[in-house]
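Rule-based calculations on the coordinates, nothing more; no lab input. Just so it is clear, the model here is predicted, and its values are computed rather than measured. As a convention, Cβ positions derive from the backbone with ideal geometry for all residues, glycine included, and neighbour counts pool all protein chains shown.
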Amino acid sequence: MSPINVDEAVRDWQDGAKAKVSKLVRKYKAKTGKVAAATSDAAQRAYVAGVTDPVSQRLRLTRLKELTDADLDKAMEDAAPVTYPAGIDKSVEKMRRRVSPFMGEIDRIVPTLKPRVRDAAANVTARVTPIAVGLQNKKKALVGGA
């Protein structure tokens, strides 16, 4: 038996994976209940088990130690100019949905604030604290916290 040609295996994997993108998208879109499955108690337990597993943590560290700053810099240089702007463009509506409740809360609170005074500590107490507490309460309300 001849030795495995690693370069050939990698090329085959790369070509095969790229050729199956449309199949991947089609199968993904056909699957129902994705959010319910991802937010289930079982999924949360699996996530916690995965990130707290000592073997997984050691593997993560081992893989990170294989990298250099130059590797990370090169990856950022190569990918960011294309992927980052495209990701931003795709995220506009998600950004709007996520920040709108908080901006609305700020707009609701600001007219109720006491006027500014010369004392910085008094301003923080009377003007910053109500906004911070309001935003914290809005977050709790949105995620179902008490």
Original post:
Where the centroid of each part is defined by its Cα atoms, how far is the stretch 33-82 from the stretch 83-110 in Å?
Top reply: 25 Å
**OP:** Pairs of Cα atoms under 8 Å, at least six residues apart: use those to get the relative contact order of the chain, whole percent.
**Re:** 13 percent
**OP:** Can you check what the net charge comes to around TRP13, using other residues whose Cβ is under 14 Å from the Cβ of TRP13 (Lys, Arg +1; Asp, Glu -1)?
**Re:** -1
**OP:** Pairs of Cα atoms under 8 Å, at least six residues apart: use those to get the relative contact order of the stretch 98-143, whole percent.
**Re:** 49 percent
**OP:** Round to the nearest 10 and give me the degree value, 0 to 90, for the angle of helix 6-19's Cα axis relative to the longest principal axis of the chain.
**Re:** 60 degrees
Original post:
Among the lysines, which have Cα under 20 Å from the Cα of LYS138 when same-chain residues fewer than 8 positions away are ignored?
Top reply: LYS94
Original post:
In the neighborhood of ALA122, defined by Cβ-to-Cβ distances under 12 Å, what is the net charge if each Lys or Arg adds +1 and each Asp or Glu adds -1?
Top reply: +3
Original post:
Which trypsin sites (Lys or Arg not before Pro) does the stretch 6-39 hold that lie in a coil by DSSP with at most 15 other beta carbons within 10 Å?
Top reply: LYS20, LYS31
Original post:
By how many degrees, between 0 and 90 and to the nearest 10, does the Cα long axis of helix 54-65 differ from the longest principal axis of the chain?
Top reply: 80 degrees
Original post:
For the chain, with the dipole built from +1 on Lys and Arg beta-carbon atoms and -1 on Asp and Glu ones, taken about the Cα centre, which of ALA19, ALA46, ALA132 lies farthest toward the positive end?
Top reply: ALA132
Subject >> Only Lys, Arg (+1) and Asp, Glu (-1) charged, at Cβ; the chain dipole about Cα centre in debye >> reply: 1040 debye
Subject >> Among (i) 1.68; (ii) 1.33; (iii) 2.52, the entry derived from the coordinates for Cα Rg over 2.2 N^0.38 Å >> reply: (i)
Subject >> Net charge of Cβ neighbours under 12 Å - reference GLY134; Lys, Arg +1; Asp, Glu -1 >> reply: +3
